[in-house]
Amino acid sequence: MSTPQTRLRMGRRAYRLAVPPETGRVHDMPSGNAFYVTTPIYYVNDAPHVGHAYTTVAADAIARYQRLAGREVHFLTGLDEHGQKVLRAAQARGVDPQQHVDELSRPFQDLWRRLGISNDDFIRTTEPRHKAVVQRVLQELHDRGEIYPQSYAGWYSTAEERFWMEKDLVDGKCPLSGQPVEWIEERNWFFRMGKYRDRLASWIDAHPDFLRPESRRNEVLGYLKQDLGDLCISRPKARLPWGIPLPFAPDWVTYVWFDALLNYVSAIGYGTDPERFRRFWPASFHLVGKDILTTHAVYWSTMLFALGLDPADCLFAHGWWTIEGRKMSKTLRNVVDPNLLLDAYGPDAVRYFLLREVSFGADGDFSHRAFQVRYNADLANDFGNLAHRALSMTERWLGGTVPPRVEITAADRDLERLAVETVAAVRTAMEALRFQEALAGTWALVQAGNKYIDTEQPWTLHREGRADRLATVMRNVLEVCRVAAVLVWPVCPDKAEALLAKLGTHLPRSLDRLAGFDVLPAGTPVAAGAPLFPRMTELPPAILAVLEGSGPAKEGVPVVSESQEERISYEDFARLRLVVGTVMAAERHPKADRLLVLSIDLGEPAPRTVVAGIADRYRPEELQGMQVVVVANLKPVTLRGIRSDGMILAAGGDSVQGLLGIAHPVPPGTVVR
Ligand code: ME8
C-alpha cells in the first residue's frame with residue numbers, strides 16, 4: 001500500500017489515475033520529472049516582512065531539494081500589484097500606482113536575493129504577459145456563460161477586499177481583519193462558482209493529499225457543507241480604477257483575487273506556450289499561509305474546473321507566526337524586517353530558524369531570544385563545531401588532506417549506518433515538507449559525529465602515534481561533515497557550499513550513494529578557515545535596540561491623544577451592563593478558526609452562549625472555570641450560524657492579548673462598575 005509520502009513522491013501520475021471520471025477530466029500527463037512549486041504573490045502595499053520570508057524560504061528549500069533529487073524544477077514567486085490595498089498604499093504615498101508598484105517591488109526582489117531565493121521566475125500581475133492571460137480567461141468564461149452580470153448588495157470589507165454576508169460579521173466588523181465594513185450596492189459580474197461545490201468536495205475526497213495538513217482539508221470540507229454561492233469577480237472602475245479591465249465590460253476591472261490566482265498559470269504559458277504549460281501543470285505544490293486557504297482551495301480550484309484544468313497536486317497551508325507572543329501588526333509596531341536578521345545573522349541562520357523552529361503547518365512564535373538560542377546551540381555549537389573540529393584536526397595532525405580509511409571498527413560501521421539511515425529519513429521528510437523533521441534528523445547525525453570525536457579521542461590517537469586509526473577516525477568525521485552539508489544545503493545553501501569547499505568537494509549531482517564514507521578522494525586538500533557560524537555571546541546591537549524599544553520595530557500601541565478621543569458621559573457608560581461570569585464550557589466554533597463558543601454562567605437560570613474571537617490567544621481547555629467580564633445587555637448576534645448572547649472583554653483590540661478577569665473569585669452575575 002502506498003503511504004501518503006510515496007503517493008506524493010510518485011506525484012501526479014498516482015493522482016491522475018485515481019481520478020474518478022465524474023470528478024475531473026483526465027488530461028495529458030505532465031512529464032514525470034517536472035516539479036512546479038509556487039508561493040503566494042504578495043501584495044506590494046508595504047515592505048516584505050518575516051511572514052513573507054517564511055513562505056518563500058520554505059518554497060526555496062523545496063525547490064533546492066527537488067533539484068538535488070534530480071527533478072526539473074520550476075519555482076515561481078511574485079507580486080500581487082492590483083486591487084484596493086495596493087491602490088490605497090500608492091495614494092498614501094502620493095504616487096501613481098504603477099510607479100508605486102515598480103518602486104515597492106524592489107525591496108521584495110532585493111530581499112529574495114539576500115535570502116538566497118532561487119526562484120526561476122518572478123511574476124508581477126501588472127506585466128503584459130499576465131494581463132493578457134487574465135483577459136483571455138475572462139473572455140472565454142464569459143463566452144461560455146460561466147460569468148454573468150447581476151446587481152448585488154452586501155457588506156464590503158476594504159481591508160480584505162471582499163463582501164461578507166451579515167451572518168459572517170463579527171461584532172458588525174470584518175471577521176478576518178476586524179476592520180469596519182460598509183454596505184455597498186452595485187452591478188457586478190459573477191463567476192458561477194456555486195455549481196462546482198459538489199465536484200470540489202468529490203475532488204478533495206478522491207485526492208487525500210490535495211489539501212494539507214489534514215486539518216486544512218477538514219476545514220475546507222466543512223466550508224463546502226454550506227451553500228457556496230457565486231463569486232463576484234469585478235469591481236466598478238468608478239470605485240476602483242486600479243485593475244485589469246474586463247474585456248467584455250470595460251467599465252469594470254477584475255477582482256484582485258481572480259486576477260492574482262491566475263498568476264500560477266499565466267507564468268507558465270497558459271494559452272501561449274502549450275508545451276511548457278503541459279510540462280508544469282498541475283503544479284506540484286502551492287504553498288500558502290492559512291489565511292488564504294479558502295481563496296486557493298475554493299476560488300482557485302473552481303476557476304480551474306471551469307477552465308477544464310485540474311487543481312495542483314497539493315495545496316499546503318502553513319501556520320501563522322506571532323512575534324514575541326503577539327500578532328504581527330503595523331499598529332503594534334512589531335513587524336519583523338528580515339533585513340535586520342540578515343544583517344545580524346546572515347541568510348542561512350534566518351532560513352534555518354524559520355524552518356527548524358516550528359513544524360511546517362503549525363503556528364509558531366518568533367522571538368529574538370529564541371533565535372539567538374537556536375543560532376548558538378544548533379548552528380555555532382553542533383554544526384559549526386563539528387566542521388571546525390574535523391577540519392582543524394585534519395590540518396593539524398594529517399597534513400591538511402583527506403586521510404584514507406584503514407581499519408574499520410563496529411563504531412565506524414554504526415556511524416556510517418546512521419548516515420545512510422539519515423539520508424533516507426531526510427529525503428522522506430523533505431518530500432513531504434516536514435522541514436523540522438528533516439533538520440532534526442540531520443542534527444542527530446551531526447551530534448553523533450561530535451560524540452564520535454569525543455569517544456574516539458583523535459588527540460589521544462595522535463599522541464600515541466596510532467596513525468592508521470587516527471586517519472580512519474578523521475576520515476569518518478569528514479564524511480559525516482560532507483553528508484550533513486549536502487542534507488542541509490536546501491535550507492542553508494551558502495554555509496553548506498562553504499563547508500563542501502573546505503572539504504575539497506562540491507554539491508553532488510545526485511543524492512544517490514550520498515551516504516557512503518568513501519566518497520571524498522584521499523589526498524584532497526582541506527582547509528579549516530574561519531568558523532562557519534561564529535558564536536554570539538551577546539545579541540547583535542541592532543536587535544538589542546529593537547528589544548529595548550529604540551529600534552524601528554519598537555513595541556507598544558500608539559497612544560491616542562486626548563484631543564482625538566471622543567468623550568462619553570457617565571450616563572452613556574452606565575447603560576452598559578457589565579457582569580462577572582464563570583466559563584462553564586468552551587469549544588471551537590465549527591465554522592470559524594478564530595472563534596470560540598463559550599457557555600457562561602451569569603447567575604441567571606441558564607448559562608449564556610457567547611461567541612468570542614479569541615481562538616488565536618486561548619485554547620478552549622484553558623478557559624474552563626475562568627471568571628470573565630461580560631457585556632450582558634448587548635443585542636444578540638449570529639456569528640457563523642451560532643447565536644451569541646453577550647460579549648466578553650479582552651485587552652488588545654484587534655489581536656486579543658488577554659481576557660479581563662477578576663482578582664478574587666466572586667459569585668457569577670456580580671455587577672462590574
Ligand atoms: O494574501 N506568518 O498577500 P499578502 C506566516 N496577495 N506567514 C505569513 C504571515 C505570518 N504572520 N504574514 C504573511 C496575499 N504571511 C495575496 C496572495 S496569491 C494568489 C495572492 C505570508 O501580502 C503567508 O504566505 O497578504 C500568507 O499567506 C501571505 O504571506 C499573505 O501575503
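The values are calculated or read from the model by the stated rules, or taken from the named source; none is laboratory data. Everything numeric here is computed off the predicted structure, so don't read it as measured data. In this analysis, Cβ positions are derived from the backbone assuming ideal geometry, glycine residues included, and neighbour counts consider all displayed protein chains. To get the accessible areas, we keep the full protein, side chains included, count just its heavy atoms, and leave off ligands, DNA and RNA. Shrake-Rupley method; radii C 1.70, N 1.55, O 1.52, S 1.80 Å.
See the values below:
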quantity	calculated
Residue identified as open to solvent by 10 Å² or more (accessible area, probe 1.4 Å), in contact (Cβ under 8 Å) with a residue 12 or more places away in the chain and outside the structural domain of L511 (by TED's automatic domain parsing) among V57, V73	V73
Evaluation of D251 against (1) surrounded by 21 or more Cβ atoms within 10 Å (Cβ to Cβ); (2) in a strand (DSSP E or B) (one fails), failing number	(1)
Those residues of the stretch 333-359 which are assigned to a helix (DSSP H, G or I), more than 14 Å from the chain's Cα centre (by Cα) and not polar (S, T, N, Q), in sequence order	P338, L340, L341, L342, D343, A344, Y345, P347, D348, A349, V350, Y352
Test: residue in the stretch 192-200 that is open to solvent by less than 10 Å² (accessible area, probe 1.4 Å), assigned to a loop (DSSP other than H, G, I, E, B), touching a Leu at 6+ places or on another chain (Cβ under 6 Å) and away from the ligand (no atom under 15 Å from the Cβ)	yes
Single condition G269 does not satisfy, out of (1) on the phi > 0 side of the Ramachandran plot; (2) assigned to a strand (DSSP E or B)	(2)
Qualifying residue in the stretch 115-125 (condition: open to solvent by 50 Å² or more (accessible area, probe 1.4 Å), in a helix (DSSP H, G or I) and either in contact (Cβ under 8 Å) with a residue 12 or more places away in the chain or in the same structural domain as G641 (by TED's automatic domain parsing) (or both))	no
Tally, over the stretch 591-616, of residues that are in a loop (DSSP other than H, G, I, E, B) and over 18 Å from D171 (Cα atoms)	6
The stretch 216-239: number of residues that are small (G, A, S) and open to solvent by 60 Å² or more (accessible area, probe 1.4 Å)	1
Inter-residue pairs, beta-carbon under 7 Å, first without any contact (Cβ under 8 Å) to a residue 24 or more places away in the chain and in the stretch 260-273, second surrounded by fewer than 23 Cβ atoms within 10 Å (Cβ to Cβ), 6+ apart	G269/R276; G269/F277
Hits in the stretch 143-176 (condition: among the polar types (S, T, N, Q), open to solvent by 20 Å² or more (accessible area, probe 1.4 Å) and closer than 18 Å to L639 by Cα)	none
Whichever residue in the stretch 254-277 is more than 16 Å from the ligand (Cβ to nearest atom) and among the acidic types (D, E) and, among such residues, is surrounded by the most Cβ atoms within 10 Å (Cβ to Cβ)	D273
Single residue of the stretch 617-650 satisfying the filter (exposed (fewer than 15 other Cβ atoms within 10 Å of the Cβ) and within 27 Å of the chain's Cα centre (by Cα)) that is nearest to G325 (Cα to Cα)	R619
Matching entry among R413, R417, R427 (being of a type outside the set (D, E), open to solvent by 60 Å² or more (accessible area, probe 1.4 Å) and within 17 Å of L355 (Cα to Cα))	R427
Test: residue in the stretch 78-88 that is part of a helix (DSSP H, G or I), under 25 Å from I323 (Cβ atoms) and either free of Cβ contacts under 8 Å to residues at least 24 places away in the same chain or in contact with a Lys or Arg (Cβ under 6 Å, 6 or more places away or on another chain) (or both)	no
Single residue of P552, P558 found to be outside the structural domain of H388 (by TED's automatic domain parsing), at pLDDT below 95, surrounded by fewer than 22 Cβ atoms within 10 Å (Cβ to Cβ) and under 23 Å from V57 (Cβ atoms)	P552
Test: R482 is over 22 Å from the mean Cα position of the chain (by Cα) and farther than 19 Å from P521 by Cβ	no
Any hit, the stretch 224-232, residues being within 13 Å of the ligand (Cβ to nearest atom) and either touching a strand residue (DSSP E or B) at 6+ places or on another chain (Cβ under 6 Å) or modelled with pLDDT of 95 or more (or both)	no
Boolean, T295 is of a type in the set (S, T, N, Q), touching a residue at least 40 places away in the same chain (Cβ under 8 Å) and touching a Leu at 6+ places or on another chain (Cβ under 9 Å)	no
Residue that is surrounded by the fewest Cβ atoms within 10 Å (Cβ to Cβ), among those in the stretch 278-332 that are part of a helix (DSSP H, G or I) and near the ligand (Cβ under 9 Å from one of its atoms)	D291
